[in-house]
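A.B. asks: Take a look at the following structure, please.
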């Protein structure tokens, strides 16, 4: 069974877990050669997204429905978010390391969001979802603002998709990622090893 402590140790070593639905949801750890990040000064906000942000169509809450966000992210045809993953991240959330950013519409319904893990000055984005246009992007904008306000230095997106690239995501190689990770973890690394 995947534990919260194993998750913390994995992230601090630069790896992340995913369940393989084709292998009975067995959990494997990944350490890609090319790593996706969003530079915290490099978020790209399109004009249409700016309009959405100024429309007050959505508001964002933090850590009010963590498990609901994780389950919404898992709600797709094929997912790496197994029940074991949900439970491990829920434990991590209870310990204060896993965060959810929830996008709500004017009826206060959960229509988008994302979740991830914060250790030191690093945030490891895990997954995002939306049921209304731009709702996950709104959560991401709020996340980046929150990370900047709280002096984070690394936003890890694991891989780069065209969607993340359109928002300013870039790829860096494993060595560069490890260097940035060590810097972002700083004292956290020293106090845990």
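A.B. asks: Could you put 159, 97 in order, starting from the residue whose Cβ has the fewest other Cβ atoms within 10 Å?
C.D. replies: By the 10 Å Cβ count, ascending: 159, 97.
A.B. asks: What ranking, highest mean first, results for peptides 25-35, 134-144 when packing means the other Cβ atoms within 10 Å averaged over each residue?
C.D. replies: Ranking the peptides 25-35, 134-144 by packing returns 134-144, 25-35.
A.B. asks: Going by Cα centres, the range 68-109 and the range 7-26 are how many Å apart?
C.D. replies: 16 Å
A.B. asks: Next question, about the same structure. Under Stokes-Einstein, with the Kirkwood radius over Cα pairs standing in for Rh, what whole-number D in µm²/s applies to the range 8-95 at 4 °C and 1.567 mPa s?
C.D. replies: 81 µm²/s
A.B. asks: Could you work out how far apart the two model spin labels at residue 62 and residue 84 are, taking each label as a point 7 Å from the Cα in the direction of the beta carbon, and quote it in nm?
C.D. replies: 3.2 nm
A.B. asks: Based on DSSP, what percent of beta bridges with both residues in the range 70-193 are antiparallel, to the nearest 5?
C.D. replies: Around 85 percent of the beta bridges assigned by DSSP in the range 70-193 are antiparallel ones.
A.B. asks: Here is a follow-up. Per 0.36 nm of contour for each residue apart, how much would the distance between residue 34 and residue 145 grow if the chain were fully extended, relative to their Cα-Cα spacing?
C.D. replies: Between residue 34 and residue 145, full extension yields 37.4 nm more.
A.B. asks: For the range 4-192, take every pair of Cα atoms, bin their distances at 10 Å starting from 0, and report each bin as a whole percent.
C.D. replies: Here the calculated profile for the range 4-192 is 9, 37, 39, 14, 1.
Throughout, read-outs are computed from the coordinates displayed, never taken from laboratory work. The shown structure was predicted, so the numbers you read here are calculated from the model rather than taken from an experiment. Positions of Cβ are backbone-derived with ideal geometry, glycine not excepted, and every protein chain shown enters the neighbour counts.
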